[in-house]
Every structure is written in C-alpha cells, then in structure tokens.
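Notes follow the structure.
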Amino acid sequence: MRDRPAGRHTAAGRPPALLIALACLGLALFVVPFIGLLGRVPWSELPGLLTSPTATDALRLSIVSSLAATAIALVLGVPLAWLLARIEFPGRALVRGIVTLPLVLPPVVGGAVLLFALGRRGMVGGPLYRATGLLLPFSTAGVVLATTFVAMPFLVITVEGALRNMDRRYEGAAASLGAGRWTVMRRVTLPMVAPSLVAGMVLTWARAFGEFGATITFAGNLQGRTQTLPLAVYVALESDRDTAVAISLLMVAVSLAVLVSLRDWWGRST
C-alpha cells in the first residue's frame with residue numbers, strides 16, 4: 001500500500017478556514033452582547049444596586065419560583081416522558097405536540113391561554129375560585145404555574161429521548177431476576193437516564209429562571225409578589241438604567257455559573 005503524501009494528509013486533517021471563520025462569527029454573536037453588557041455596568045455602584053429592595057425581592061422570587069417549577073416538572077414530567085416513550089396509544093403524536101407546544105408559542109400567548117383557562121372567569125379558574133376562593137392570576141402561585149408551563153417541556157423531551165435510546169435489556173434482566181416494576185424503575189431505569197434527567201432539570205430551571213412573557217401576562221408585575229428578575233429589568237429599563245444593567249449582570253452570572261458547573265452532566269447526557 002502506498003503511503004499518502006505528507007502534504008495531502010496534513011491538508012485533510014486541517015479544519016477548513018471557512019468553517020473556522022463561520023464558527024468564530026457564530027461565537028461572536030453570543031460574546032459581543034455580553035461584552036456590551038459588561039461595558040455598561042456601574043461597578044462602583046453595583047453592591048448598592050444589587051442589595052436594593054427591588055433587586056433582592058425579585059431575586060428571592062425568581063429563585064423560589066424557578067426551583068418550584070423545576071420540582072413540579074420533575075414530579076409530573078418524568079411520568080409523562082415515560083408514557084410518551086414507552087406506551088403506544090392513539091393520538092400519541094398529538095399529545096407530544098401539545099406537550100411541546102409551549103416551546104414554540106410566544107410566551108405572551110402562553111400566558112394568555114393560562115389566563116383564559118385559569119383566570120377568575122376561566123374554564124377551570126372560575127369554578128375553582130367560587131369553590132375555594134383560590135385566585136391564581138396575580139399571585140406567587142401564578143408565577144410558579146406560568147414558569148412550569150413554559151419550562152417543563154424541556155425536561156419531558158430530554159428524558160423521553162433518553163428513555164427511547166436506552167438499552168432495555170438491563171430492565172429485562174432485572175425483571176427476570178424478580179425485581180418489581182417500581183424496583184426496576186428506581187434501580188435501573190432512572191440511574192441509566194440520570195445524566196439526561198439532570199440536563200433536562202438544568203434546562204427547565206434556566207428557562208423558568210429567565211421566564212418573562214407568560215409571567216407578566218398571567219401573574220402581573222407586582223414587586224415582592226410576582227415581580228421576578230426579568231420583570232424587574234423590564235421596569236428598570238424605563239426609569240433606572242443602572243439597576244437594569246446590574247440585575248441583568250446578576251442573571252447572566254447566576255445562569256452561567258450553574259450551566260458551567262454542570263458541564264460534566266451535559267457531556268454524559270449526549
């Protein structure tokens with residue numbers, strides 16, 4: 001067998017210059033806006049801006065609502081993902097489409113459909129309010145519900161994909177050794193899809209943490225009650241640009257820290 005010329009081998013292993021240029025341009029699309037944000041930060045005033053009542057109330061509510069939405073998505077989303085991945089039933093494609101619809105709907109539309117269904121005069125919200133006095137719109141519970149609605153599809157599609165692609169022979173082996181369904185789920189299935197489950201939870205949390213449109217439409221923008229960090233930025237842009245920049249920096253820092261710290265889980269989920 002003839003040896004290939006060294007020059008040809010080197011050229012084949014070198015990345016195309018056009019590909020590198022386009023990749024750098026794509027990276028710049030993400031990096032430049034954040035550099036612009038850093039250039040507008042009032043660093044000397046930053047501690048005071050971030051400890052203001054507006055910022056601290058919004059941060060507390062954002063953390064609470066995003067964690068609550070992630071927990072609800074975990075409890076409801078994993079069984080839903082298992083159903084879509086493992087059970088054949090009429091209309092499964094339609095159900096999957098409905099579950100993933102919030103991913104492509106404008107968030108404001110998501111908030112509107114929640115309001116029409118769960119508002120004081122809504123199809124479900126009206127009877128619920130008359131029976132219990134519970135009013136979801138313009139409440140902290142409404143914030144959690146809105147963020148869960150738009151964020152849970154990320155967990156469902158991630159876990160469903162993992163369940164579809166896992167080797168089911170391990171589940172069969174455990175069942176043949178006498179393990180019950182719940183034991184197989186707890187000891188075999190969930191550990192095998194754990195990387196994807198964690199990745200889905202991170203995506204869900206990040207989406208819930210940054211949710212804006214559905215929240216302001218369904219829950220309003222009341223400081224200390226429904227005003228999350230994105231809503232606080234929206235208000236501050238009109239009256240206090242420095243506060244808006246400071247809160248934006250806080251959101252970027254928190255989100256980036258979480259995503260980078262879980263980079264090993266991302267690799268294991270692919």
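The values are calculated or read from the model by the stated rules, or taken from the named source; none is laboratory data. Small disclaimer: the values here were computed from a predicted structure and weren't measured. Virtual Cβ from ideal backbone geometry, glycine too; neighbours counted across all protein chains shown.
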Just to verify a result, which residue in region 82-125, among those that are under 16 Å from the mean Cα position of the chain (by Cα), modelled with pLDDT of 90 or more and surrounded by 18 or more Cβ atoms within 10 Å (Cβ to Cβ), is farthest from LEU136 (Cα to Cα)?
VAL99
Going by the conditions given, is PRO195 part of a helix (DSSP H, G or I), more than 30 Å from PRO106 (Cβ to Cβ), free of Cβ contacts under 8 Å to residues at least 40 places away in the same chain and within 23 Å of the chain's Cα centre (by Cα)?
no
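Would you be able to tell me the number of residues in region 150-182 that are out of contact with any Pro (no Cβ under 6 Å at 6 or more places or on another chain), modelled with pLDDT of 85 or more, in a helix (DSSP H, G or I) and not small (Gly, Ala, Ser)?
Residues that pass the stated criteria total 11.
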Cβ-Cβ below 6 Å, separation at least six or inter-chain, first residue in region 130-146 and under 10 Å from GLY220 (Cα atoms), second part of a helix (DSSP H, G or I) and of a type in the set (Phe, Trp, Tyr): which pairs?
PRO137/PHE218; GLY142/PHE218
Looking at region 127-149, which of the residues that are assigned to a loop (DSSP other than H, G, I, E, B) and of a type outside the set (A, V, I, L, M, F, W, C) is surrounded by the fewest Cβ atoms within 10 Å (Cβ to Cβ)?
GLY133
